[in-house]
Amino acid sequence: MADLQAIANWFKSKIPNDPRFNSVSPIKDTSLLYPPFYSLLQQSLTEFENSHSYKTTVIETYRSNALQLKYYNQGASQIKSDGMHHYGIAADIAFIINGKVSYNGDYTKLRNIFTKNGLTIIGDWDKGHVQYIPVNQQQQLRDLVASTSIVNVPKGQAAKGGTPSPGVLTAGISPLAIILLIGFAIAIIFKSK
């Protein structure tokens, strides 16, 4: 079973700080995937490619809520916001056949490898989708992310997906917000004189 708190900690320390956080374009940067998930994904794709004459390709990794809503409004998704792509624990996979991206590869074999390696697949309507946690844990992860106020997790901890050491919990206030608050306080003091 995945450590949902570790995923929440990693998400809060990595994803909101990325300049693509609100992107309305698909992103396929694997550095935005939770490291333990990415490791299992790589292992699975390598296993598949070792037994086939064609390669796989990652079509999408992180997905902003803005793009998720766009997909929902177009009827391409059943989720309005906070899908598993948003948390860096889902990816969409296609194949490279004759040098071109294709959705006609052996998804049955690929999905079998995913599940054998502990990853989660969903219905046949989205054959290329794979994620780190089962559907029945998704709301728990959303709730943990909403209640987690971890910022500036040490790089070594975040990369391993581990729980941060004591001392890195904060009220969730960014340094910029603190500077702005101090500036407003000073302005109020001078204005009242």
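Can you say whether Asn73 is out of contact with any Gly (no Cβ under 9 Å at 6 or more places or on another chain), free of Cβ contacts under 8 Å to residues at least 60 places away in the same chain and surrounded by fewer than 20 Cβ atoms within 10 Å (Cβ to Cβ), as far as the supplied structure shows?
Yes, satisfied.
Which numbered condition trips up Glu47, out of (1) touching a helix residue (DSSP H, G or I) at 6+ places or on another chain (Cβ under 9 Å); (2) in a loop (DSSP other than H, G, I, E, B); (3) on the phi < 0 side of the Ramachandran plot; (4) among the charged types (D, E, K, R)?
All conditions are met except number (2).
When the stretch 3-26 is examined, which residues are found to be of a type in the set (Gly, Ala, Ser) and either surrounded by fewer than 19 Cβ atoms within 10 Å (Cβ to Cβ) or touching a helix residue (DSSP H, G or I) at 6+ places or on another chain (Cβ under 7 Å) (or both)?
Residues satisfying the conditions are Ala8, Ser13, Ser23, Ser25.
Pick out the one residue from Gly83, Gly75 that is on the phi > 0 side of the Ramachandran plot and not β-branched (Val, Ile, Thr).
Gly75
Give just the number: which of (1) touching a helix residue (DSSP H, G or I) at 6+ places or on another chain (Cβ under 8 Å); (2) open to solvent by 40 Å² or more (accessible area, probe 1.4 Å); (3) at pLDDT below 95; (4) over 20 Å from Ser39 (Cα atoms) does Ala171 not satisfy?
(1)
For the stretch 123-141, enumerate the residues that are assigned to a loop (DSSP other than H, G, I, E, B), open to solvent by 20 Å² or more (accessible area, probe 1.4 Å) and either touching a residue at least 40 places away in the same chain (Cβ under 8 Å) or of a type in the set (Asp, Glu) (or both).
Tyr132
May I ask you to say which residue of Arg63, Arg111 is in a helix (DSSP H, G or I) and crowded, with 20+ Cβ neighbours inside 10 Å?
Every option except Arg111 fails the conditions.
Pick from the stretch 76-108 the residues that are open to solvent by less than 20 Å² (accessible area, probe 1.4 Å) and aliphatic (A, V, I, L, M): which of them is farthest from Gln139 (Cα to Cα)?
Restricting to residues being open to solvent by less than 20 Å² (accessible area, probe 1.4 Å) and aliphatic (A, V, I, L, M), the top hit is Ala94.
Based on what the data block shows, is Gln78 outside any loop (DSSP other than H, G, I, E, B), without any contact (Cβ under 8 Å) to a residue 60 or more places away in the chain and of a type outside the set (Phe, Trp, Tyr)?
No; evaluated as a whole, the condition is false for this residue.
The values are calculated or read from the model by the stated rules, or taken from the named source; none is laboratory data. Computed from a prediction, not measured in an experiment: that's the story for all the values here. Virtual Cβ from ideal backbone geometry, glycine too; neighbours counted across all protein chains shown. Keep in mind that these areas ignore ligands, DNA and RNA; they rest on the heavy atoms of the full protein, side chains included. Shrake-Rupley method; radii C 1.70, N 1.55, O 1.52, S 1.80 Å.
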